[in-house]
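Report on the structure given below.
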Amino acid sequence: MRGTDWLLLTPLARFGDLGLLLLRGVTGAFLIWQSHDNVFSAERMDEFVKFLDQFGFLAPELMAPLSVWAQFLCGFAFLLGLATRWAGLVTAFNFTVAVWMVHWPQDFPGWWPALILVFLGILFATVGAGRYALDPWLAGRRNDDRDQAEAAR
């Protein structure tokens, strides 16, 4: 092994897919945890509608369930590594709106949780799920189906 490998820790690159799995897992679990109460409780959803209304969101009766269900479903998508790039885009968009509409007047530490979710969404949208996910399996299966269809011709 070269000296620069140790300096740059290049041997750790072989664990990149494991790192993505762990990051997807904790991100997905967090999104599910923070949204599940609104999904399963009409009372909590009403509180969230009022919260959005107080910050000037248009149509909070529509935006609250849309945001909550997006977080909840993206959480499961991240856990499974299913439609990960789409879930990343939805998460980045949802939390960009949160930063802009809710956290903007706060100091940087107040932005931090939502801001991190913006950048995690961007990361998952650009990098994907990694090897330990359903996305690569579906992509391989889709390619197998296409190959079988072409072979049948």
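The values are calculated or read from the model by the stated rules, or taken from the named source; none is laboratory data. Remember, predicted model here, so these are calculated numbers, not experimental data. Because the Cβ atoms are built from the backbone with ideal geometry, glycine has one as well, and the counts that use them run over all protein chains shown.
Before moving on, here are some points about what is shown:
- Among the candidates PHE48, PHE40, residue that is surrounded by 15 or more Cβ atoms within 10 Å (Cβ to Cβ) and not aliphatic (A, V, I, L, M): PHE48
- Selection status of ASP135, acidic (Asp, Glu) and surrounded by fewer than 18 Cβ atoms within 10 Å (Cβ to Cβ): no
- Residues of region 1-52 that are more than 19 Å from LEU82 (Cβ to Cβ), touching a Lys or Arg at 6+ places or on another chain (Cβ under 9 Å) and acidic (Asp, Glu): ASP37 alone.
- All positions within region 49-63 that are closer than 15 Å to ASN94 by Cα, part of a helix (DSSP H, G or I) and not aliphatic (A, V, I, L, M): PRO60
- Residue that is modelled with the lowest pLDDT [pool: residues in region 1-28 that are among the charged types (D, E, K, R) and more than 13 Å from the chain's Cα centre (by Cα)]: ARG2
- Residues of region 21-31 that turn out to be under 12 Å from THR91 (Cβ atoms), of a type in the set (A, V, I, L, M, F, W, C) and in contact with a Phe, Trp or Tyr (Cβ under 8 Å, 6 or more places away or on another chain), as a count: 1
- If you go through region 97-108 and keep only what is within 21 Å of GLN54 (Cβ to Cβ) and surrounded by fewer than 17 Cβ atoms within 10 Å (Cβ to Cβ), you end up with VAL97, TRP100, MET101, TRP104, PRO105, GLN106, ASP107.
- Residues that are exposed (fewer than 14 other Cβ atoms within 10 Å of the Cβ), farther than 19 Å from TYR132 by Cβ and either more than 17 Å from the chain's Cα centre (by Cα) or free of Cβ contacts under 8 Å to residues at least 60 places away in the same chain (or both) do not occur anywhere in region 70-92.
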